[in-house]
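Student: Sharing a structure below in C-alpha cells format, with a few things to ask.
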Amino acid sequence: MKKNAGRSIRKNWGENKMARVGEELKKNRLDANMTLKQVAKKLGVSESFVNEVEQGRKVVNEDLLKRFSKVFDKNISTMGLGSLEEAAQTESVARTKEIIKKEVYVAPKTPVNELWNQAFGENIKNVPVFEESMKSPISHKGYVVESKKIEGFPMDKVLLVKSGSEDLKGYGIRKGDLLFGVEAKDIQGTSFMLVSVQGKNLLRRVKNLNNGSVELQSFREKEEVRKVPVKDVLPLVKFHKLERAL
C-alpha cells in the first residue's frame, strides 16, 4: 500500500464513516422528492421491496445499486457506496471495508422454539460472524435487541469475529473463540482489537502509547510486543466480550 493511499484510507475511515445502504438510498429518494411508488416503478420492482431495502432488511446487489443511481441521477460513489473501493489499498483491506461499511447482511431466520419466538418476537437480530480476514460472513448468532441496542451498543454496528489462531492464548483467547465487538475508528488506551497492518488483518491486544506509536501485543508461549507507528495501523473492530463454545 502506498503511503499516501494508506493515509487517505484512514482519513475516510476515521472521519467519514459511510451510512448504511438503506439509509443512503432513502436520503437520495427524499432529496429527489420521489415516493416509494415512483422509485419502484422506475426500477421495475414492488413498492414493498423498495421499502424493505430502505429499512435495511433486503440485500441490494451491484446491478440494483446501478439502477438506483440512474434513478437518482447520481453515480454509486457519490451516494457513499463505493468510495472505499475506489481508494488505493490492498485487496484485503478493501474487502474488509466494503463488508463492514456497506454490506447489509441478511442472515437466515434464527431457529427458535415457539415459546422463545413468542417471548421475543422481532426483538432478535442475527449478528454476522466473520473470520479475521473479514471477507464475508461465515455464520450468524442471534442476540436480543433492547432499545435498538445489543449488549449496550448500536445494533447495526456490532459483529463477531472468530479467532483463527493461538496468538492470544496467553490472554485467555483461544482459536475458535468468538469475539463480540463494534466497528472502531481509532485506538484508545489498551484493548483487544482487530487491526490491519500492511494489508494483513491481526487480532492483537493494542496499546496506544500516546507518542505516535502503538504496541501490538501477542502471547503464545511468551508475551511478544511489537511497536508500530500509529499511522500504519488501521483499526477495524474493538472487542468487548469473549464468547466461547462449550
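Student: Here is a check on your reading of the model: is Gly181 under 23 Å from Lys227 (Cβ atoms) and either touching a residue at least 24 places away in the same chain (Cβ under 8 Å) or of a type in the set (Val, Ile, Thr) (or both)?
Tutor: In short, no.
Student: Regarding Ser196, is this residue in the same structural domain as Ser218 (by TED's automatic domain parsing), polar (S, T, N, Q), within 15 Å of the chain's Cα centre (by Cα) and part of a loop (DSSP other than H, G, I, E, B)?
Tutor: Considered against the rule, which asks whether it is in the same structural domain as Ser218 (by TED's automatic domain parsing), polar (S, T, N, Q), within 15 Å of the chain's Cα centre (by Cα) and part of a loop (DSSP other than H, G, I, E, B), Ser196 comes out as no.
Student: Here's something else I'd like to know. Would you call Glu221 in contact with a Leu (Cβ under 7 Å, 6 or more places away or on another chain), of a type in the set (Asp, Glu) and either over 18 Å from Glu131 (Cβ atoms) or in contact (Cβ under 8 Å) with a residue 60 or more places away in the chain (or both)?
Tutor: No, not satisfied.
Student: Could you count how many residues in segment 128-175 are assigned to a strand (DSSP E or B), in contact (Cβ under 8 Å) with a residue 40 or more places away in the chain and in contact with a Lys or Arg (Cβ under 8 Å, 6 or more places away or on another chain)?
Tutor: 2
Student: Related question: Quick one: which helices (runs of 4 or more DSSP H) sit completely within segment 18-108 and have at least 3 residues that are among the basic types (Lys, Arg) and at pLDDT below 75?
Tutor: 91-102
Student: Quick one: in segment 173-218, which of the residues that are closer than 11 Å to Val233 by Cα and hydroxyl-bearing (Ser, Thr, Tyr) is surrounded by the most Cβ atoms within 10 Å (Cβ to Cβ)?
Tutor: That would be Ser196.
Student: Could you list all residues from segment 222-233 that are in contact with a helix residue (DSSP H, G or I) (Cβ under 8 Å, 6 or more places away or on another chain) and not in a strand (DSSP E or B)?
Tutor: Lys222, Lys231, Asp232
Student: Taking only segment 219-241 into account, find how many residues are over 18 Å from the mean Cα position of the chain (by Cα), surrounded by 15 or more Cβ atoms within 10 Å (Cβ to Cβ) and within 22 Å of Gly176 (Cβ to Cβ).
Tutor: Residues meeting the conditions: 1.
The values are calculated or read from the model by the stated rules, or taken from the named source; none is laboratory data. Quantities reported herein were computed from a predicted structural model and do not represent experimental measurements. Quick reminder, even Gly has a Cβ in these numbers, built from the backbone with ideal geometry, and neighbours come from all protein chains shown.
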